[in-house]
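The values are calculated or read from the model by the stated rules, or taken from the named source; none is laboratory data. Here the structure is a predicted model, which is why all the values come from computation and not from measurement. No Cβ is skipped: glycine too gets one built from the backbone with ideal geometry, and neighbour counts run over all protein chains shown. When the accessible area is computed, the model is the full protein with side chains, heavy atoms only, and any ligands, DNA or RNA have been set aside. Shrake-Rupley method; radii C 1.70, N 1.55, O 1.52, S 1.80 Å.
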Amino acid sequence: MTDNRNTDTTTSEVTGMPYAGGEKETLHASLNRVRDAVLWKLEGLDDEQLRRPMTPSGTSLLGLVKHLASVEYGWFVETFGREAEPLWFDPYKGEDMSAAEGETTEQIVAFYGRARAAADRTITELPLDAVGSPSWRDHTVTLRWVLVHMFVETARHAGHMDVARELIDGATGEYPRV
């Protein structure tokens, strides 16, 4: 009998996922895959479309990006005692869920990029069993737990963004259709 399982150890050209990577590499690549989906949801839309509340609670594409940036800083950077940039809004008051007047698309997307870069430094430099203490919780967490949590959080919001984007212009999926 022939074994037809894929034993290739390369990385998918489409998703960037390692076919047979280690735990940390696979978790990080999974997070990057959904992070990239979040950013493509913004592509080709104007400022009004990016800010448009798409739900009764006010969810907008740009607001979700701002939220994801703030939680990346919180979970990956602050939790592990690293220095995060000062926030100009209060996430504990829900100010991270919308783009305020005066905040530009470029500012929020750049903020997300800086949060991703800071989180990536933590992921690269610490082992999966490194322990951190989120200031807003009464327990410690491992980097492994944070990676899984942030993958789920980002994937959940990418799904929200997929629905919002479809309502705006009909575009759906993880990546733009070529």
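Between residue 39 and residue 152, the contour length at 0.36 nm per residue exceeds the alpha carbon distance by 39.0 nm. Taking θ as phi - 60° and the Karplus parameters 6.51, -1.76 and 1.60, the scalar couplings of the range 48-55 work out to 4, 5, 5, 8, 4, x, 10, 9 Hz in sequence order, x denoting glycine and proline. For the range 60-178, the solvent-accessible area of protein heavy atoms averages 50 Å² per residue (probe radius 1.4 Å; ligands and nucleic acids excluded). Extension gain for the segment residue 10 to residue 136, taken as residue separation times 0.36 nm less the Cα-Cα distance, is 41.4 nm to one decimal.
In Å³ and rounded to a whole number, note down the convex hull volume per residue for the Cα atoms of the chain.
On the way: hull volume 27.5 nm³, N = 178.
In the chain, the Cα hull volume divided by residue count equals 155 Å³.
Per residue of the chain, the DSSP helices (runs of n ≥ 4 H) give a summed -39500 (n - 2.57) that works out to -15500 deg cm²/dmol at 222 nm. Surface calculation, 1.4 Å probe, protein heavy atoms: residue 30 sits at approximately 20 Å² accessible. Per-peptide packing, taken as the mean over residues of other Cβ atoms within 10 Å, places 88-95, 102-109, 135-142, 47-54 in the sequence 47-54, 102-109, 88-95, 135-142 from highest down.
Using a probe of 1.4 angstrom, how much of the accessible area of the range 27-137 is carbon and sulfur, in percent?
On the way: 2710 of 5160 Å².
Result for the range 27-137: 53 percent of the exposed heavy-atom area is carbon or sulfur.
For the peptides 58-64, 79-85, the ranking by mean Cβ contacts within 10 Å, running from highest to lowest, is 58-64, 79-85.
If you take the Cα centroid of the range 110-178 and the Cα centroid of the range 49-79, the two points sit 11 Å apart.
Which helices pass in the chain if a helix is a full DSSP H run, must span at least 27 angstrom along its long axis by Cα, and must have mean Kyte-Doolittle hydropathy not below -1.0? What comes out of the filter, once short or polar helices are dropped, is 105-125, 143-169.
The calculated FRET efficiency for the pair residue 82 and residue 172, based on their C-beta separation and a Förster distance of 25 Å, comes to about 0.10.
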